Amino acid sequence: MSKAMIELLENGVYETLYMTLVSTLIAYIIGIPLGVLVYVTDAKGICKSRVIHFIAGVVINVVRSVPFLILLVAILPFTRMVVGTTIGSDATIVPLVVAAAPFVARMVESSLKEVDSGVIEAAKAMGSSKLQIIYKVLLPEAKPSLLVGGTIAVSTILGYSAMAGFVGGGGLGAIAINYGYYRYQTNVMLITVALLVIIVQLFQEVGLRVVNKLDKRLR
């Protein structure tokens, strides 16, 4: 393999990590409040609201129902408006966030549902406000599950970023498409797949180690 190809793969790994980590961070900044909103406005939540719960649920379900490649193309004008281009790693972050935020919201909602209702009732009995229950009870108690969900989200977003290579996205996905698929360089395709697998395994291993360290139920 030529030196130029090695440098290209190194840059691809960097762009893939950049897109995945930044997209995950922004998706969680949006997804955690959205997931909390869906949970607390449920019929059994601490801030019951049928209207808000319905609207938030519909928005999440609609976005999640659209296949990523179709979503990627559909929001190209929005992507261009946000970052000024539709090509490259920066442009790919926009659809990644749009696709991942609802996914994260559902995982957050699922994690919060695992919290023992008795803990919530105890917090209410001690006079805790709704915000205190959310920040001091629900989120801390759901932390291990949220971290597990985080490792799943990273792997999912990484897969999305690879698909973005079909429409000019950066990273290893673009290299696999441009060289492995269009130019029939099978060795490049296999190397990019191997690198993606290694990155996913590293994320999962680190995530599980963090969960095992923080989950008090495992002590």
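The values are calculated or read from the model by the stated rules, or taken from the named source; none is laboratory data. All values reported here derive from a predicted model rather than from experimental measurement. Note that we place each Cβ from the backbone using ideal geometry, even for glycine, and neighbour counts take in every protein chain shown.
I need the full set of residues from the range 137-151 which are among the hydrophobic types (A, V, I, L, M, F, W, C) and farther than 17 Å from ILE26 by Cβ, in order please.
Matches in the range 137-151: VAL137, LEU138, LEU139, ALA142, LEU147, VAL148.
Over 21 Å from ILE30 (Cβ atoms), over 17 Å from the mean Cα position of the chain (by Cα) and in contact (Cβ under 8 Å) with a residue 12 or more places away in the chain, is that true of ILE134?
The answer is no for ILE134.
Among the listed residues PRO95, PRO140, which satisfies the condition of being assigned to a helix (DSSP H, G or I) and either polar (S, T, N, Q) or touching a residue at least 60 places away in the same chain (Cβ under 8 Å) (or both)?
PRO95
Kindly establish whether LEU72 is touching a Pro at 6+ places or on another chain (Cβ under 6 Å) and not small (Gly, Ala, Ser).
Taking the combined requirement at face value, the residue satisfies it.
Filter the range 24-76 down to the residues that are charged (D, E, K, R) and assigned to a helix (DSSP H, G or I), then identify the one that is nearest to GLY169 (Cα to Cα).
ARG64
For the range 75-128, enumerate the residues that are aromatic (Phe, Trp, Tyr) and surrounded by 17 or more Cβ atoms within 10 Å (Cβ to Cβ).
The answer is PHE103, and nothing else.
Can you find a residue in the range 205-218 that is in contact with a Pro (Cβ under 9 Å, 6 or more places away or on another chain) and either within 27 Å of THR86 (Cα to Cα) or not in a helix (DSSP H, G or I) (or both)?
The answer is yes; a qualifying residue exists.
Quick one: would you say VAL197 is in contact (Cβ under 8 Å) with a residue 12 or more places away in the chain, closer than 30 Å to GLU109 by Cα and among the β-branched types (Val, Ile, Thr)?
no
Please find, among VAL62, VAL38, the residue that is modelled with pLDDT of 90 or more, of a type in the set (A, V, I, L, M, F, W, C) and either exposed (fewer than 15 other Cβ atoms within 10 Å of the Cβ) or closer than 24 Å to MET189 by Cβ (or both).
VAL62
Would it be correct to say that THR86 is at pLDDT 90 or above, among the polar types (S, T, N, Q) and either farther than 18 Å from GLY171 by Cα or in contact with a helix residue (DSSP H, G or I) (Cβ under 8 Å, 6 or more places away or on another chain) (or both)?
So THR86 does not fit the description; no.
Within the bounds of the range 145-165, is there any residue that is under 20 Å from the mean Cα position of the chain (by Cα) and outside any helix (DSSP H, G or I)?
No, because not a single residue in the range 145-165 is under 20 Å from the mean Cα position of the chain (by Cα) and outside any helix (DSSP H, G or I).
Considering only residues of the range 38-65 that are of a type in the set (Val, Ile, Thr) and over 15 Å from VAL108 (Cα atoms), which is nearest to the chain's Cα centre (by Cα)?
VAL63
Specify which of the listed residues (GLY149, GLY159, GLY165, GLY173) is at negative phi and at pLDDT below 85.
GLY165
Using beta carbons and a limit of 9 Å, which pairs, at least six apart or on different chains, have the first residue in the range 151-176 and in contact (Cβ under 8 Å) with a residue 40 or more places away in the chain and the second one outside any helix (DSSP H, G or I) and surrounded by 23 or more Cβ atoms within 10 Å (Cβ to Cβ)?
SER161/GLY169; SER161/GLY170; ALA162/GLY169; MET163/GLY169; ALA164/GLY170
Could you list, in sequence order, all residues of the range 121-137 that are out of contact with any Lys or Arg (no Cβ under 8 Å at 6 or more places or on another chain) and either closer than 21 Å to SER110 by Cβ or assigned to a helix (DSSP H, G or I) (or both)?
GLU121, ALA122, LYS124, ALA125, LYS130, LEU131, GLN132, ILE134, TYR135, LYS136, VAL137, listed by residue number.
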